[in-house]
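The values are calculated or read from the model by the stated rules, or taken from the named source; none is laboratory data. All of these numbers come straight from a predicted model, not from anything done at the bench. So basically every Cβ, Gly included, is an ideal-geometry build from the backbone, and we count neighbours across all protein chains shown. Just so you know, the surface numbers come from the protein's heavy atoms only, side chains and all, with ligands and any DNA or RNA stripped out. Shrake-Rupley method; radii C 1.70, N 1.55, O 1.52, S 1.80 Å.
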Amino acid sequence: MKNRILKSMAGATPLFLIAAFFNLSAVNQTNAQNVGSPQSRVAVVDIKYILENHVGFKKSMEGLKSQFDKAGEELKSERLRINNLEMKLREVKPSTPDYNELDEEVNRAKSEWTLNANKQKKEIRKTESKILWDVYYEVKTQTKRYCEQNRIDLVISFNGEPIDPEQPQQVVRGVSKPIVYHHPGIDITPHILASLNNQAAGPVSKRNIGVPPQ
């Protein structure tokens, strides 16, 4: 009886070992694949939407617009003064001392107006560029902090604005978008915006974007 049992076990052992070997090999192969190809966490963020709803950025741009409007009014007022001088110049007899003096004043005023206009334009553009860069740096900083907290490896900028198929320019813009599809759950835009505005994410949720990835 004992010999029959041993013989039966001896006959079954090779099949058992073969099955165990293949199972072990499959597990090792799976583990090797997991180690060699770690999963990557990806998210998207709508920079344009953030800029349009960033409280600090909007206030800065409103202040810049006020500065631009004030400078424009001053330039407009000076331009009207120059126009009046030119009208007076037409009424003065040419080649007279009064004409020469007024003509010199007109030319000097025109030159100063052009220099001042170019200076104002340059300063406003420089200020605008600095405001934009400061906000973008702030967005990057908040995004980095959020990604470190939620173990996100890559964030891609995208434009979530809907496309009107009746508008050719929008259609072209939509076709040229680098991202064809993304799951709503990887859009971290409302969370970054809420952090930037230092307020609850509730009002931002009107955008109807997904929850942060866990």
Given the structure, is E86 in a helix (DSSP H, G or I), within 16 Å of V106 (Cβ to Cβ), acidic (D, E) and without any contact (Cβ under 8 Å) to a residue 24 or more places away in the chain? yes
Total residues in the stretch 89-104, condition part of a helix (DSSP H, G or I) and either of a type in the set (S, T, Y) or open to solvent by less than 60 Å² (accessible area, probe 1.4 Å) (or both): 4
Any residue at all in the stretch 128-145 that's hydrophobic (A, V, I, L, M, F, W, C), open to solvent by 80 Å² or more (accessible area, probe 1.4 Å) and more than 30 Å from V42 (Cα to Cα)? no
